[in-house]
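First comes the structure, then the notes that go with it.
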Amino acid sequence: MIDAVDAGRYLRFDRDEWAALRAQTPLTLEESDLAELRGINDRIDLDEVVAVYLPLTRLLNLYVSATQTLHRVSATFLGTIAPKVPYVIGVAGSVAVGKSTSARILQALLSHWPEHPRVELVTTDGFLHTNAVLTERGIMDRKGFPESYDTKRLVQFLRDLKSGAAEVSAPVYSHVVYDIVPGDEQVVRQPDILILEGLNVLQVPVGAGEYVSDYFDFSIYLDADERDIEDWFVQRFFALRATVFQDPSSFFRHFADMTDQAAERMARDVWHSINGRNLRENIAPTRSRASLVIHKGADHRMHEVHLRRL
C-alpha cells in the first residue's frame, strides 16, 4: 500500500472507480487466450482483465500516442525525421505477485491497438549473472538480489533500444535449468512498445550513474501484503512440484519427491531467508517510484489503484 507520506503524489481509485475508466475500450481477449497467458497458480480471470487491464491499456494508449506526437514535434523543430523510439514500460514487484502474467496480458492487449501493434516483452531474468559467476562470487543464494544482475549489460540494452538501434538482443534464462542458456538470445527489432518485467527494475543506483528506470516512460508496481505474497509463493511452489520440478532436467528435481510437510517448510524457509528479505530490503522501497501501483488483496484481485499525478 502507498505510504501516507507519498499519498499526496498519487490519485487513488477503488476497484469500481478504476474499472469505470475503461470507457468503451473493447475486450480483445477470450478465455482461451487468457489460459495461455496465465502463470502457474495465477487466478486471474476475464473480469479482472476488464476491471484492471482495459482501463490501464486505454491510459497507456493515450500516453504512447502523446509521446509519439512529442517526438514528431521535436523532429519538426529540429528539421529531422522523427526517430523510431520504443515506448518502454517497466513492471516491478515481488516474486509470486503476478508480474509475469500481468506483463503478458499487457502485451496481448496493447498489441491490438492499431497505433502500436508491435509490442515486445523482455524479462530481466535474462540479465542475471550465470550460476558459474554467482557461485564464484559466493552469492548463489542471493539470486534475484540487485547484485546478482549484470546491470551494466541491461542498461546498455535499454540505451541501445532508446537510441533507435535496428536490433538489440537480450540473453535468455531457463527456469527449468535455473540458469542462462548459452548461445541463446532474444532479438528485439524496433518495437512500438517494450515491456520490461523484473524484480528490481525500479531500484535507484548507489552513487552516480544510469539505472534501468532512467529509460522508462511508464512504470507499474504490483503490490500486496507480504503475508499474502508469502502464501502465494508457497502455493506456487506446490504447483511447480507437480509440473516443472517433475522434469528430469529441472534444477529443482529433488524437490518433487518431498512430502507436503517438508515442501511447505522448505518453501517458507526460502521465502523468509531470500525472497521476503529481498522484497523488504530492495523491492518494496522502490514502490513509490512507480507511475502506477496496483494493490491486490488476498484473493489475488485488485482492490486499489494509485496513479502518480503528472
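FYI, it's all coordinate maths here, none of it is from the lab. Here the structure is a predicted model, which is why all the values come from computation and not from measurement. For neighbour counting, all protein chains shown are included, and Cβ atoms are generated from backbone atoms with ideal geometry for every residue, glycine included.
For the reader, a short list of remarks on this structure follows.
- Evaluated with a Cβ-only charge set (Lys, Arg +1; Asp, Glu -1), region 85-204 carries a dipole of roughly 220 debye about its Cα centre, given to the nearest 20.
- Taking Glu264, Glu304, Glu120 and counting other C-beta atoms within 10 Å, the order from fewest to most: Glu264, Glu304, Glu120
- For region 221-296, the relative contact order is 52 percent, taking Cα pairs closer than 8 Å that sit 6 or more residues apart in sequence and dividing their mean separation by the residue count.
- Mean separation of Cα contacts under 8 Å, 6 or more apart, over the residue count of the chain: relative contact order %: 26
- Cα centroid separation, region 23-83 to region 258-299: 27 Å.
- Partners for Lys99 among lysines (Cα-Cα distance below 25 Å; same-chain residues under 8 apart left out): Lys143, Lys152, Lys162, Lys296
- Over the residues of the chain, the helix contribution to mean residue ellipticity at 222 nm works out to -9500 deg cm²/dmol, using -39500 (n - 2.57) for each DSSP H run of at least 4.
- Of the residues His71, His300, His254, the one with the fewest other Cβ atoms within 10 Å heads the list, and the complete ranking is His254, His71, His300.
- Antiparallel DSSP beta bridges within the chain, percent to nearest 5: 45
- With a Förster radius of 22 Å applied to the beta-carbon distance between His71 and Glu210, the computed FRET efficiency rounds to 0.60.
- For Tyr221, Tyr63, Tyr215, Tyr87, order by how many other beta-carbon atoms lie within 10 Å, fewest first: Tyr63, Tyr215, Tyr87, Tyr221
- Taking a ≥ b ≥ c as the square roots of the Cα gyration tensor eigenvalues, region 166-271 comes out oblate, since a/c reaches at least 1.5 and a/b does not exceed b/c.
- Dipole size of the chain about its Cα centre, with +1 on Lys/Arg Cβ and -1 on Asp/Glu Cβ: approximately 820 debye, rounded to the nearest 20.
- Short to long, the 10 Å bins of the Cα pair-distance histogram for the chain hold 6, 25, 36, 25, 8, 1, 0 percent of all pairs.
- Using C-alpha pairs below 8 Å separated by at least 6 residues, the relative contact order for region 126-205 is 29 percent.
- Ranking Thr151, Leu110, Ala132 by how far each Cα lies toward the positive end of the dipole of the chain (charges on Cβ) leaves Thr151 at the top.
- Estimated dipole of region 6-119 in Debye, rounded to 20 [Cβ of Lys and Arg +1, of Asp and Glu -1, Cα centre]: 600
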